[in-house]
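Participant: My questions all concern the structure below.
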Amino acid sequence: MSGYSDVLDSKVPDGPMAEKWTNHKFNMKLVNPANKRKFEVIVVGTGLAGASAAATMGELGYKVKAFTFHDSPRRAHSIAAQGGINAAKNYQNDGDSVHRLFYDTVKGGDYRSREANVHRLAEVSVNIIDQAAAQGVPFAREYGGLLANRSFGGAQVSRTFYARGQTGQQLLLGAYSALMRQVNEGGVELFNRQEMLELVTKDGEACGIVCRDVITGEISSHTAHAVVLATGGYGNVYYLSTNAMMCNVTAAWRAHRKGAMFANPCYTQIHPTCIPSSDPFQSKLTLMSESLRNDGRIWVPDNFDEVRAAGDIPEAERDYYLERKYPAFGNLVPRDVASRNAKTVVDAGKGVGPLKNGVYLDFADAIARDGEDTVRAKYGNLFDMYERITGENPYKQPMRIYPATHYTMGGLWVDYHLMTTVPGCYAIGEANFSDHGANRLGASALMQGLADGYFVLPYTIGDQLAGKLGSDPVPADDPVFKDAIADVNDRTNKWLSVNGTKSVDHYHRELGKLVWDYIGMERNKNGLEKAISEITSLEEEFEKNVRVLGSADTLNQSLEKVGRVSDFFGLAKLKARDALVREESAGGHFREEHQTDEGEAQRDDENFSHVTAWDWNGEGEAQTEHREELVFNEVPLTQRSYK
Amino acid sequence: MNLTLKVWRQEPGQNGKFQTYEAPGISEDMSFLEMLDVVNERLIEDGTPPIVFESDCREGICGTCNLMIDGKAHGPEKATATCQLHMRKFSDGDHITIEPWRAASFPIIRDLAVDRSALDAIQEAGGYITAPTGSASDANLTPVPKEAADSAMDAAACIGCGACVAACPNSAAQLFTSAKVMHMNLLPQGQAERWKRTENMVETMEAYFGSCTNHGECHEACPKEISLDFIALMNKDYVKSKIKNRKLSGQS
């Protein structure tokens with residue numbers, strides 16, 4: 001396979017980088033205010049991206065239908081983001097700018113994102129803060145009443161805005177309140193407890209969705225001129241991750257099967273500071289905000305068979321490995337670097353804790369320097385949470401941390417308009433692939449979700465809709481909807497009739513182990529090939545031996561899960577193939593065969609400066625690989641160095 | 001550890017009853033919900049439909065989990081949602097009673113899952129500051145005194161789980177509503193709609209929930225320890241909303 005694909009037109013506008021978005025907004029077609037109410041738009045998912053997009057399009061006058069499988073939009077997993085949101089406000093006068101945020105994000109993504117998208121993200125970042133503050137998001141303030149900032153995730157400037165350790169919650173409540181205002185005013189119709197199980201297309205264009213009411217089991221069709229997927233990432237393919245229990249890839253995967261190409265599924269962010277798992281029935285991993293790395297020092301004992309308590313190990317017998325290897329950034333190296341180094345020392349047998357599966361994050365120096373009260377004021381919530389989960393007091397002994405799957409940079413391929421390769425179907429937030437390249441910087445996920453939802457999609461969607469003026473949506477009794485409903489019912493009946501012996505969770509756990517072992521923090525050719533064959537045989541067993549009790553016409557959590565896990569199997573195989581063909585290391589994708597002499601990720605810009613996007617070819621057929629070339633005119637390609 | 005669980009089971013449209021399940025071999029490092037996961041996995045292997053309970057983030061922030069454990073909303077540990085409760089808080093041989101949220105405004109869907117959409121109705125009635133996308137001025141043009149921002153944040157920390165309602169002998173939703181109302185009423189951005197918001201949210205609350213008689217059980221059960229002060233502040237604003245001449249509300 002060589003060369004770049006004609007089918008992937010990024011639609012990046014011409015002109016100087018800093019003027020692209022402004023000019024493009026002028027050049028796009030507009031829908032006049034009186035005509036907006038003639039267009040129906042479906043938004044699936046009500047996290048930061050979905051809620052902000054639905055609210056904003058409702059304000060503009062579109063007829064919006066918002067779907068969530070939760071009981072309330074505010075439960076979406078954006079709510080769990082702790083640390084903060086970046087914006088190029090330069091309120092701290094420390095030299096930040098749109099260009100610097102753009103530059104840092106492209107570099108941090110290890111040069112595998114699309115420059116024009118990232119620049120637009122940096123441009124609108126400043127509007128997000130204004131918007132959120134106007135909605136009443138209680139950001140941290142200085143005593144004078146102005147907004148406070150902190151440095152976060154290895155940034156050299158203080159550009160992160162935050163609301164204690166609950167920034168995601170507060171931003172989501174802001175977007176949710178804007179959404180509920182639109183629900184109240186009739187601009188948005190809200191569908192709770194509806195899980196999207198099919199994207200419906202007619203003549204290759206998106207025309208609606210099929211949903212299952214998770215309470216009654218009723219299957220329903222919903223029609224629209226455009227469908228927006230804001231359904232999050234695929235991190236739960238690992239079973240154990242920091243994602244919520246219900247996070248899944250189903251909406252994106254169903255769209256993929258209808259022609260939306262899936263881009264860069266090998267890129268997954270493994271977050272360095274999570275609480276290590278403690279028993280085989282662990283259901284999820286809990287993140288400890290990486291702001292802790294501002295004051296905590298990471299170390300492991302020098303001795304392989306260390307049995308002493310952390311406090312009894314003398315300074316000389318400790319290895320502060322990040323400070324040793326990366327003197328310039330120390331404990332604040334980016335997430336991918338911190339995670340891989342933790343794996344290296346734990347794999348070497350220096351892990352700490354009862355299962356020897358963690359490293360220490362030690363606050364003893366910070367407490368000695370600043371006092372326990374200061375540390376408590378900064379991190380009290382996090383320390384309390386750690387103690388609730390582990391039963392250990394981090395003021396008295398170091399925390400134990402280990403990396404865990406946290407965020408997925410890959411996702412549905414989208415052009416500059418955030419439209420997938422299915423016309424009329426858009427993907428925003430974590431569900432798309434576009435802005436973070438191979439590695440996402442801290443405090444950038446909230447920024448991207450809200451940028452897409454408040455300030456990008458509501459403009460770009462008009463360009464497509466304007467051409468549809470005068471056309472009604474495909475009616476719900478069209479054969480395409482009947483076929484989609486039949487597909488959903490067939491799958492449901494299939495799962496309910498297997499009547500095997502093992503629970504869905506059993507297979508999800510087994511799948512997760514394979515994906516973690518072979519497509520986790522380090523990958524190699526043999527392992528990836530093995531992953532594909534083992535995942536395939538596990539999937540065969542799953543289809544023959546899974547047990548889903550109960551019926552389809554009521555709340556049935558096993559039935560919900562079995563469909564999601566089935567889609568994870570498909571995604572897992574594609575992820576392995578994607579990792580296999582990317583014969584380089586970049587960001588969250590580390591191929592053992594491709595590393596520098598010092599063990600750092602070695603990119604191959606000559607051969608791999610592209611997005612890999614996979615095109616569905618039907619059940620049982622391998623997807624076709626397409627490539628979108630990535631050109632770097634503004635940010636010179638360099639080896640990332642944090643020494 | 002070995003436990004005996006008394007769990008409320010209820011099918012849609014039918015009366016419910018307690019079922020007893022043995023839960024042997026539970027690790028004290030498990031969370032309460034992981035313990036229920038294990039019980040469910042065993043039930044499935046035995047051919048018994050698993051216990052329906054809701055949870056999502058399992059880190060105490062989404063507000064989905066909602067169990068009455070031994071008669072207490074979210075169980076015995078203070079300031080802790082069900083999902084963050086761990087089995088080390090229990091002892092070998094314990095008998096544990098598990099029920100859904102108790103409140104007529106939260107009808108049971110199945111087993112331990114309840115319908116909390118009444119909380120969304122309160123939010124929809126006015127839990128927002130009207131600021132259409134694109135209309136905002138620079139964020140630093142509106143300084144917010146730190147104490148006011150911190151207090152608004154204390155209210156905004158509410159996760160909307162409904163434990164306050166479940167714990168209240170009257171099934172009142174004053175703590176939830178006051179947290180939502182005061183988050184916005186305490187901020188300069190929230191002043192323009194302050195009286196209308198308070199009136200609409202309080203009256204919507206009254207339409208769904210019982211009345212507050214100052215027991216304070218809500219605060220005791222709240223996983224985020226939302227202060228009762230917000231109820232007092234909301235009540236004050238509600239009274240004012242009835243007498244304020246809103247034509248004059250542009251005057252300071």
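Participant: Residues of segment B:60-74 being touching a strand residue (DSSP E or B) at 6+ places or on another chain (Cβ under 9 Å) and crowded, with 23+ Cβ neighbours inside 10 Å, which ones?
Facilitator: Of everything in segment B:60-74, those that are touching a strand residue (DSSP E or B) at 6+ places or on another chain (Cβ under 9 Å) and crowded, with 23+ Cβ neighbours inside 10 Å turn out to be B:ASN66, B:LEU67, B:HIS74.
Participant: Mind listing just one residue for me: the one in segment A:156-186 that is in contact with a Lys or Arg (Cβ under 8 Å, 6 or more places away or on another chain) and farther than 22 Å from B:GLU59 by Cβ and, of those, surrounded by the fewest Cβ atoms within 10 Å (Cβ to Cβ)?
Facilitator: A:SER158
Participant: Turning to a different aspect of this structure: Go through segment A:244-266 and count every residue that is in contact (Cβ under 8 Å) with a residue 40 or more places away in the chain and either among the hydrophobic types (A, V, I, L, M, F, W, C) or in contact with a His (Cβ under 6 Å, 6 or more places away or on another chain) (or both).
Facilitator: 13
Participant: Quick one: A:ARG75 ticks every box in (1) more than 30 Å from A:ASN381 (Cα to Cα); (2) buried (at least 24 other Cβ atoms within 10 Å of the Cβ); (3) without any contact (Cβ under 8 Å) to a residue 24 or more places away in the chain bar one, so which box is it?
Facilitator: Condition (1) is where A:ARG75 drops out.
Participant: Looking for something surrounded by 22 or more Cβ atoms within 10 Å (Cβ to Cβ), more than 18 Å from A:GLY108 (Cβ to Cβ) and out of contact with any strand residue (DSSP E or B) (no Cβ under 6 Å at 6 or more places or on another chain) - is there at least one such residue anywhere in segment A:416-426?
Facilitator: yes
Participant: Could you tell me whether segment B:156-173 includes any residue that is surrounded by fewer than 24 Cβ atoms within 10 Å (Cβ to Cβ), farther than 21 Å from B:GLY250 by Cα, within 22 Å of the chain's Cα centre (by Cα) and free of Cβ contacts under 8 Å to residues at least 60 places away in the same chain?
Facilitator: yes
Participant: May I pose another question? Residue pairs, Cβ under 8 Å, 6 or more apart or interchain, first in segment B:55-82 and without any contact (Cβ under 8 Å) to a residue 12 or more places away in the chain, second part of a loop (DSSP other than H, G, I, E, B) and among the hydroxyl-bearing types (Ser, Thr, Tyr). List them.
Facilitator: Pairs that qualify, where the first residue is without any contact (Cβ under 8 Å) to a residue 12 or more places away in the chain and the partner is part of a loop (DSSP other than H, G, I, E, B) and among the hydroxyl-bearing types (Ser, Thr, Tyr), are B:ASP56/B:THR64.
Participant: Just to check your reading of the model, which residue among A:THR273, A:THR201, A:THR223 is buried (at least 24 other Cβ atoms within 10 Å of the Cβ) and among the β-branched types (Val, Ile, Thr)?
Facilitator: A:THR273
Participant: Something else now. Please go through (1) within 13 Å of chain B (Cβ to nearest Cβ); (2) assigned to a strand (DSSP E or B); (3) among the aliphatic types (A, V, I, L, M) for A:MET57 and return the number of the only condition it doesn't satisfy.
Facilitator: Among (1) within 13 Å of chain B (Cβ to nearest Cβ); (2) assigned to a strand (DSSP E or B); (3) among the aliphatic types (A, V, I, L, M), the lone unmet condition for A:MET57 is (2).
Participant: Next question, about the same structure. Just checking, how many residues over segment A:507-529 are under 26 Å from the mean Cα position of the chain (by Cα) and without any contact (Cβ under 8 Å) to a residue 24 or more places away in the chain?
Facilitator: So the count comes out to 2.
Participant: Restricting to helices (runs of 4 or more DSSP H) lying wholly in segment A:325-411: which have 2 or more residues that are surrounded by 20 or more Cβ atoms within 10 Å (Cβ to Cβ)?
Facilitator: A:335-345, A:372-390
Each row is one residue, and each column tells you yes or no for (1) surrounded by fewer than 17 Cβ atoms within 10 Å (Cβ to Cβ); (2) assigned to a loop (DSSP other than H, G, I, E, B).
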| residue | (1), (2) |
| --- | --- |
| A:SER10 | no, yes |
| A:GLU19 | yes, no |
| A:LEU30 | yes, yes |
| A:VAL43 | no, no |
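Participant: Can you tell me which residue among A:LEU538, A:LEU511 is within 27 Å of A:ALA601 (Cβ to Cβ), outside any loop (DSSP other than H, G, I, E, B), at pLDDT 95 or above and more than 14 Å from every other protein chain (Cβ to nearest Cβ)?
Facilitator: The unique qualifying residue is A:LEU511.
Participant: Follow-up. Testing B:GLU41 on (1) free of Cβ contacts under 8 Å to residues at least 40 places away in the same chain; (2) crowded, with 19+ Cβ neighbours inside 10 Å, one condition comes back false. Which one is that?
Facilitator: (2)
Participant: Also, quick follow-up: Quick check, is A:ARG308 farther than 25 Å from A:HIS406 by Cα, away from every other protein chain (no Cβ under 14 Å) and in a helix (DSSP H, G or I)?
Facilitator: It is false that A:ARG308 is farther than 25 Å from A:HIS406 by Cα, away from every other protein chain (no Cβ under 14 Å) and in a helix (DSSP H, G or I).
Participant: Name the helices (runs of 4 or more DSSP H) wholly inside segment B:141-242 in which the number of residues that are modelled with pLDDT of 95 or more and at the interface with chain A (Cβ under 10 Å from one of its Cβ atoms) is 2 or more.
Facilitator: B:146-156, B:174-185
Participant: For B:PRO76, all conditions in the list (1) assigned to a loop (DSSP other than H, G, I, E, B); (2) within 10 Å of chain A (Cβ to nearest Cβ); (3) not basic (Lys, Arg) hold save one; what is the number of the exception?
Facilitator: Single failed check for B:PRO76: (2).
Participant: Looking only at segment A:227-242, which residues are closer than 27 Å to A:GLN282 by Cα, of a type in the set (A, V, I, L, M, F, W, C) and not in a loop (DSSP other than H, G, I, E, B)?
Facilitator: Selection gives A:VAL237 alone.
Participant: Quick check, is A:VAL504 under 30 Å from A:GLU539 (Cα atoms) and within 14 Å of chain B (Cβ to nearest Cβ)?
Facilitator: Considered against the rule, which asks whether it is under 30 Å from A:GLU539 (Cα atoms) and within 14 Å of chain B (Cβ to nearest Cβ), A:VAL504 comes out as yes.
Table: residues versus (1) closer than 21 Å to A:LEU549 by Cα; (2) part of a loop (DSSP other than H, G, I, E, B).
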| site | (1), (2) |
| --- | --- |
| B:MET1 | no, yes |
| B:VAL7 | yes, no |
| B:GLN19 | yes, no |
| B:GLU54 | yes, yes |
| B:ARG88 | no, no |
| B:ASP92 | no, yes |
| B:ARG102 | no, yes |
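Participant: How many of the residues making up segment A:265-285 are facing chain B (nearest Cβ under 7 Å) and in contact with a Gly (Cβ under 9 Å, 6 or more places away or on another chain)?
Facilitator: 1
Participant: Which of (1) at pLDDT 95 or above; (2) buried (at least 16 other Cβ atoms within 10 Å of the Cβ); (3) not assigned by TED's automatic domain parsing to the domain that holds B:VAL181 does B:ARG102 not meet, given it meets every other one?
Facilitator: (1)
The values are calculated or read from the model by the stated rules, or taken from the named source; none is laboratory data. Being a predicted model, the structure only gives us computed values, none of them experimental. Every residue, glycine as well, gets a Cβ built from its backbone with ideal geometry; the counts of neighbours run over all protein chains shown.
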